[in-house]
Protein chains: 2
Amino acid sequence: MHDRIRHPASRQRITSADHAAALIENGMTLGLSGFARAGDAKAVPHALVKRAAQMPLHIGLMSGASLGHDTDRLLTEAGVLSRRFPFQTDPTLRRAINHGDVAFIDQHLSQTAERLRAGHLPAIDVAVIEAAAITETGAIVPTMSVGNAPVFAQLARQIVIELNTSVPAAIEGLHDIYMPGSRPQRGPMELGSVSQRIGGSAISVDPDRIAAIVMTDQADSPSHALPSDPETDQIAGHINDFLYNEVHHTRLQRSLLPLQVGVGTIANAVLHGFLDAPFDGLSLYSEVLQDSTFELLDAGKLLFASASAITVSAPVQHRFMEQIEHYRERIVLRPQEISNAPELVRRLGIIAINTALEFDLYGNVNSTHVSGTHMMNGIGGSGDFARNAHLSIFVSKSIAKGGDVSCVVPMVSHVDHTEHDVDVLVTEVGLADLRGLSPRERARAVIEHCVHPSYRDALRDYFNRACLRGGQTPHVLEEAFSWHQRQRETGSMREGGSALRVA
Amino acid sequence: MHDRIRHPASRQRITSADHAAALIENGMTLGLSGFARAGDAKAVPHALVKRAAQMPLHIGLMSGASLGHDTDRLLTEAGVLSRRFPFQTDPTLRRAINHGDVAFIDQHLSQTAERLRAGHLPAIDVAVIEAAAITETGAIVPTMSVGNAPVFAQLARQIVIELNTSVPAAIEGLHDIYMPGSRPQRGPMELGSVSQRIGGSAISVDPDRIAAIVMTDQADSPSHALPSDPETDQIAGHINDFLYNEVHHTRLQRSLLPLQVGVGTIANAVLHGFLDAPFDGLSLYSEVLQDSTFELLDAGKLLFASASAITVSAPVQHRFMEQIEHYRERIVLRPQEISNAPELVRRLGIIAINTALEFDLYGNVNSTHVSGTHMMNGIGGSGDFARNAHLSIFVSKSIAKGGDVSCVVPMVSHVDHTEHDVDVLVTEVGLADLRGLSPRERARAVIEHCVHPSYRDALRDYFNRACLRGGQTPHVLEEAFSWHQRQRETGSMREGGSALRVA
């Protein structure tokens, strides 16, 4: 206890989760630690669900990104959530959002902190932050993510700490907590390499604002990512070939430039693919470290990884905890406004690899909205990276739902990333290098290299008819969403419906 | 002559525009100075038009932004242009682009330099740079813009200088030429305020690469901007009221934060509107300085203005030239990768005011494509600013073409700026403050405050029916472009066609 709470006065604040949850009142806005299911506040949100059974309780909830432990599901089922920022991945919450029951504000993950400081979002009443320790000065040592915890702690009227003893105390030193100064006299982020540290190892707060400390010992929820499959292996292969060609033409060195890889199965598989690639001395400057990061670190392919969270399977989580002193020299976790900072993404020259839900002829990308209307998760950090990257690569399988959905469409039904921010598109079919191409040239590359063969003729036919109408970005506007409409009506984007389903 | 070409060896390179143009061969890529019609290469491009009459000549052309002197028109008519980057505003070129005759690569204006250095675009064979002087070391002193001239001069195999004696030699010292270093060891841009200088006053080049110097004396083409009108005055008034309310709530000081204002009539009128606003000690960190900038400087409202170009009417151009020593203390011109740098836009906390062609229910903005297909000018720098601004404001009149076109539509026919990057929307009808709102809440604000009354019921009806289908961003996908289709078929977006045209 004395090792974990080194600030003596704070030891008086230890209490139960139920007592801590009683600080949270109807109408408040909460800031919870947690990013991609890592380092999330666990006990107090669950106590809040119980509290909601006894009294009306409607709150706004901000986090870093997604939370684990079914927190979003339980809060949604209890009717507690009225507003949710800036990202989520929970199926129950997703249904409530799409039903219009929860107001979801989907944000670039680097921007929530800035907007809070600017007073453009509701003020944080209570921050609930998971910690591995409280230092002599009352500073908070984070656990498996940093996320938005620093800004929540900085701005909240009251702070609740969940002190999680399942995380080794040796995690202290893994984090680099730097916060931008006030405008307009703010200075640069003086970070010049992936491994550099520019801040402190803990979140400085006035300890008088620590209203409660709750002891916990629950591990993070493990990662959702599925293993690679033949299509994701092909996607990884196309990316490796492309990058190797860049090295061959001396546009990149064998160490490439720092990689950012999105969260999820395809992205994880792409990074896994670097195990067999002819590159050495790699580095990551990313949001989330997944299992593949540890494979590459252990294989000596990857020298250093910077991110805001570690979200891994249970075995990798165990390995990390066991060898934390080893990994602490090779990994740094930063606030998400630093891991995703446009300033740093452009300076370092990141190679960004993110996942598309669908993309179109001209290379516009939909990352979020099924059929243009229904939210999946949120834009996350993809826009922070894609806009400013040295190379912005988006990946997707060419078809979904057994071939009833083409992920390459005439026009995306929702735009998260415009063609300006998309350099390379990859499906298992192939890779379209769109750099320096006009929209019509981009369309020809997408038709040739990315669309599934079973949709290629239809896409080419659309493009040819659109070109007859002219324009920089030709479209037959009244047919632009006809594939989506056909799917809505017949269950399949194919002409003739799903009878033509491929194997 | 000795004052203007202080590097003695370079004086040997003086030649005619025709001789200089003979350096340019079929298939080459050219980099021309020039941004928003300011500081553009004039004589050599026109000589190139003559040369094209004698031989096959097809080139790729890069500039900072738009060129003056009908250069794009003449080159298009002569059939010289095969590719054009990254912006244009010429009606003849626009037709050729939309006809598919010229490949137009529309880019965020901060990014062309970065992509050239990365080898992602065709290499520059010849750079043609307008200069006011050549220094003792052979460095190039720019004229009324900086734009991409530094990167073109840095990378080109050969450099042609157009030495324009109509620009006073006293312009030397107006410019701040800073170029980012090589990746991955690049350092920060150490710029902490609008007036700070972090580079030299001229573009350093190896003088051996200066292949020719052409003497010219032609002034820049004057600005296109029209005077303000009742609608633009109302838009300016809504913005002033909004910003004053921010000051009242202590979210901004009376000096606000540095302003960026897009190019054109509405933006110029908005800036003009600050003359009567209750703000003091303003600063600009923008792309282009227009007439309104000089009104505000002369009135003492504006203390300092940073940009990449000065594009003004003939009288203001004359005044600037006469009092250049005075203005040189209050203005700095920078390379466009610095004036538009995401790193600096976010650090300084810019209030960005840009023009929309149309915007939709949810706050997505179309800045470029008429009816989703036909290019107007290009995205310009709006994406550099909007994504990273402290406040991103987009302005548009609510209707166009005498009311046959609503600039507020169910779904924009092309997306340049996603809802994530749009905080405030303004028409003459009113202002919608979208900060912290979910998409459905944004739609209600847009319907109430921005859409023209004659389209309000139709937009509300669309939104209500869309909500019945559900979703985070509700749409009736098969009707999303029905207003655009109706305009295509009947000449008006109104139900019943243009018979209901408003006065």
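The values are calculated or read from the model by the stated rules, or taken from the named source; none is laboratory data. Just so it is clear, the model here is predicted, and its values are computed rather than measured. Virtual Cβ from ideal backbone geometry, glycine too; neighbours counted across all protein chains shown. Each accessible area value is taken on the protein alone, full model and side chains, heavy atoms only, with ligands, DNA and RNA left out. Shrake-Rupley method; radii C 1.70, N 1.55, O 1.52, S 1.80 Å.
List of remarks:
- For segment B:301-331 versus segment A:128-152, the spacing of their alpha-carbon centroids is 50 Å.
- Residues whose placed amide H lies under 5 Å from that of A:Ala139, excluding near-sequence neighbours: A:Val205
- Peptide A:472-484 has a mean shielding of 6, counted as Cβ atoms of other protein chains within 10 Å of each residue's Cβ.
- Size of charge dipole - segment B:376-455 - debye, nearest 20, with Cβ of Lys, Arg +1 and Asp, Glu -1, no other charges: 120 debye
- Apportionment of accessible area to carbon and sulfur, segment A:230-460, percent (1.4 Å): 49 percent
- Within segment A:8-216, percent of DSSP bridges classed antiparallel, to nearest 5: 15 percent
- In nanometers and ordered shortest first, the copy-to-copy spacing of the A:Ala123 label point, defined 7 Å from Cα toward Cβ, is 6.0.
- Placed amide H near A:Glu358: partners under 5 Å, 5+ positions off or other chain: A:Asn366
- Where segment B:230-460 is the region considered: accessible area per residue in Å², 1.4 Å probe: 27 Å²
- Accessible area of B:Lys397 in the full protein assembly, 1.4 Å probe (Å², nearest 10): 60 Å²
- Total accessible surface hidden between B and A, rounded to 100 Å², 1.4 Å probe: 6600 Å²
- When DSSP beta bridges are restricted to pairs lying wholly in chain A, around 25% turn out antiparallel.
- Area of A:Glu419 that stays accessible when all protein chains are in place (1.4 Å probe, Å², to 10): 20 Å²
- Label geometry 7 Å along the beta-carbon vector: B:Asp206 inter-copy distances in nm: 6.0
- Label-point separation, B:Gln485 to A:Gln253 (7 Å along Cα→Cβ), nm: 5.6 nm
- Chain lengthening between A:His99 and A:Leu303 when straightened (0.36 nm per residue, less Cα-Cα): 68.9 nm
- If both residues of a DSSP beta bridge must be in segment B:230-460, then about 30% of such bridges are antiparallel.
- Carbon/sulfur fraction of accessible area - segment A:8-216, other protein chains in place, 1.4 Å, %: 51 percent
- Spin-label pair A:Glu329/A:Met1, simplified geometry with 7 Å Cα→Cβ offset, distance in nm: 3.6 nm
- Value at 222 nm in deg cm²/dmol, rounded to 500, when DSSP H runs of n ≥ 4 in chain B each add -39,500 (n - 2.57): -8000 deg cm²/dmol
- Interface residues, segment A:241-280 - accessible area loss of 40 Å² or more versus chain alone, probe 1.4 Å: A:Arg251
- Accessible-area value, B:Arg330, 1.4 Å probe, nucleic acids and ligands omitted, Å²: 80 Å²
- Note on segment B:165-230 and segment A:7-61: Cα centroid distance 55 Å, given to the nearest whole angstrom.
- Copy-to-copy label distances for B:Arg330, where each label lies 7 Å from Cα along Cα-to-Cβ, are 5.9 nm in order of increasing length.
- Straight-line cross-link partners of A:Lys50 among the lysines, defined as a Cα under 18 Å from its Cα and at least 8 positions apart when in the same chain: A:Lys42.
- Taken over segment B:205-323, the ratio of Cα radius of gyration to 2.2 N^0.38 Å equals 1.28.
- B:Asp457-B:Met179 pseudo-label distance in nm [points 7 Å out on the Cα-to-Cβ vector]: 6.2 nm
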